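Below is one structure, written out as C-alpha cells; comments come after it.
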Amino acid sequence: MSENSSNVAVIGAGNWGKNLVNNFEQLRALVCIAESHPDLQAKFKEQLPKIPIYDDYHQVPLDQIDAVAIATPAPTHHEVASYFLENGKDVFVEKPMTLASKEAIALQALAERNNRILMVGHLLLYQPAIQFIKKFISEGKLGKLYHLHQERKKLGRARYVENVTWSLGVHDIAVLLYLVGEQPKHIFASGHCGLQKTVEDDVYVHMQFVDGVKAHLHNSWIWPENRRQLTIVGEKGMLLFDEINSRVTYHNKTIDADLNNCDQGSKVVFEGTEPPLKLELQHFLDCVASRTTPISDGQNGIDVVTTLERLMML
C-alpha cells in the first residue's frame, strides 16, 4: 500500500486528467491509469514505466485499488462513477459532477448505499485564499453581506456540449454557494451564442439568496484578457480576491447611514498559495483513510449541478 494507505486509479489522463496522474504519483497513491488514446498511453508508458495503463476502465483490476479519480468527458461521469461505486470503490469525479441533477442525485444515493466516499473536483474550494475568505466572512469582519461578483473569462477552449458556465463557471458557482452557505432562491441569466448555435460562449448569471444577498457571475471563453477575480461587498468593507496573483485585499470602504463615503484605505490581508490541486487530492486521500465527508461532497456536487440546471431552463 502507499504512504497514504490508499491506492488510486486515474480514469482519463487527457487535458486535465494528466494533472491528476502527476499529483497522485507525487502523493505515492497512483497504481494504474485507464486511458484509450494511443498517444497518451505512449506518453505515460515512457514517463511512468512502472504504472500499468489500460485501454478501458472496465479493465482496471478492482482488487488492486481503493479509489478512482475520474477525468473523462463530462457526459460520461455518471456512467463511470456508477461502475466504481457499485463495485465498492471511493470516487473522486472532476467537475461538473454530472450534466443532470437526477444523475448527480443517483450517484450520491449509490455512494450512501455502498458507504463510499464521493467527492467532486471543485478545485477552488481548496484554494487557501478561499478558505481564508470563508473564515473572514464567518468571523463577521465584513458584517452583513451585500453582493458577490465573480469573473472568469479568457480566450479559452470552447466546448461542443457544455456551455461556458458549465465549463468555466462550475468552480465559481461552487465558491459562491460555499461562501453564502445556501442555494439561490432566484436565478437570472443571459448568454450569447457566437461560435455555435446552441452553446453559449459568454454568460452573465445573477443569483438572489433568501437573506437578500446577491451574486453575479460573468464567464466567457472568447475574451481578450485572462481575468479571474472575486469581489465581495459587505456593510463593513469589501474583499477583492485576485486569483491570478493569489492575493486578497481588504478595502476598508463603506457608505454610512447618511450616505457619506468612508474610505480608510486598503491592505493585503492574504497572499501566496499552495498548489490547490495537490491540496484537493490530499484531502480526498485523507477522507478515504478516515471515512470523513469531503468539503466538496456529493451533496455539494448536487447543489452546483442543480444551480447550473436551473440556468438551462431560463
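Quick notes
- Checking each residue in the stretch 151-162 for being within 15 Å of Glu309 (Cα to Cα) and over 16 Å from the mean Cα position of the chain (by Cα) picks out only Val161.
- Residues that are part of a loop (DSSP other than H, G, I, E, B) and either of a type in the set (Asp, Glu) or at pLDDT below 95 (or both), drawn from the stretch 17-35: Glu35
- In the stretch 272-282, residue surrounded by the fewest Cβ atoms within 10 Å (Cβ to Cβ) [restricted to those that are modelled with pLDDT of 95 or more and among the charged types (D, E, K, R)]: Lys278
- Qualifying positions in the stretch 74-93 - in contact (Cβ under 8 Å) with a residue 40 or more places away in the chain, outside any helix (DSSP H, G or I) and either surrounded by fewer than 23 Cβ atoms within 10 Å (Cβ to Cβ) or among the β-branched types (Val, Ile, Thr) (or both): Val93
- Filter result for Gln108 (under 22 Å from Pro294 (Cβ atoms) and touching a helix residue (DSSP H, G or I) at 6+ places or on another chain (Cβ under 6 Å)): yes
- Filtered by the rule that a residue be among the hydrophobic types (A, V, I, L, M, F, W, C) and more than 18 Å from the chain's Cα centre (by Cα), the stretch 79-107 gives Val80, Phe84, Leu85, Ala106.
- Matching residues in the stretch 101-122 - criterion: being surrounded by 22 or more Cβ atoms within 10 Å (Cβ to Cβ) and in contact with a His (Cβ under 7 Å, 6 or more places away or on another chain): Leu107, His122
- Within the stretch 1-14, residues that are under 12 Å from Gln64 (Cα atoms) and in the same structural domain as Leu30 (by TED's automatic domain parsing) have Cβ atoms under 7 Å from residues that are of a type in the set (Ser, Thr, Tyr) and at pLDDT 95 or above in no pair, counting only partners at least 6 apart in sequence or on another chain.
- With respect to the conditions (1) farther than 21 Å from Ala74 by Cα; (2) in contact (Cβ under 8 Å) with a residue 24 or more places away in the chain; (3) among the β-branched types (Val, Ile, Thr); (4) part of a loop (DSSP other than H, G, I, E, B), Val161 falls short on a single one, namely (1).
- Lone unmet requirement of (1) part of a helix (DSSP H, G or I); (2) in contact with a Lys or Arg (Cβ under 8 Å, 6 or more places away or on another chain); (3) surrounded by fewer than 19 Cβ atoms within 10 Å (Cβ to Cβ) for Lys134: (2)
- Evaluation of Leu27 against (1) of a type in the set (A, V, I, L, M, F, W, C); (2) closer than 21 Å to Leu85 by Cβ; (3) within 24 Å of the chain's Cα centre (by Cα) (one fails), failing number: (2)
- Filtered by the rule that a residue be under 19 Å from Trp223 (Cβ atoms) and either among the polar types (S, T, N, Q) or in contact with a helix residue (DSSP H, G or I) (Cβ under 6 Å, 6 or more places away or on another chain) (or both), the stretch 171-194 gives His171, Ile173, Ala189, Ser190.
- Scanning the stretch 56-73 for residues that are part of a loop (DSSP other than H, G, I, E, B) and either hydrophobic (A, V, I, L, M, F, W, C) or at pLDDT below 95 (or both) gives Val60, Ile65, Ala71, Pro73.
- Yes/no for Gln59 being buried (at least 16 other Cβ atoms within 10 Å of the Cβ), among the polar types (S, T, N, Q), over 24 Å from the mean Cα position of the chain (by Cα) and in the same structural domain as Val91 (by TED's automatic domain parsing): no
- Selected residue (criterion: farthest from Ser190 (Cα to Cα)) from residues of the stretch 283-305 that are buried (at least 19 other Cβ atoms within 10 Å of the Cβ) and of a type in the set (S, T, N, Q): Ser296
- Residue match in the stretch 245-258 (condition: at pLDDT 95 or above and within 20 Å of Tyr126 (Cβ to Cβ)): yes
- For the criterion of being surrounded by 14 or more Cβ atoms within 10 Å (Cβ to Cβ) and over 27 Å from Glu112 (Cα atoms), Lys43 passes.
- Selection from the stretch 267-295 of residues that are closer than 29 Å to His251 by Cβ and polar (S, T, N, Q): Thr273
The values are calculated or read from the model by the stated rules, or taken from the named source; none is laboratory data. Because the structure is predicted, anything quoted here is derived from the model rather than measured. FYI the Cβ positions are ideal-geometry reconstructions off the backbone, even for glycines, and counts take in every protein chain you see.
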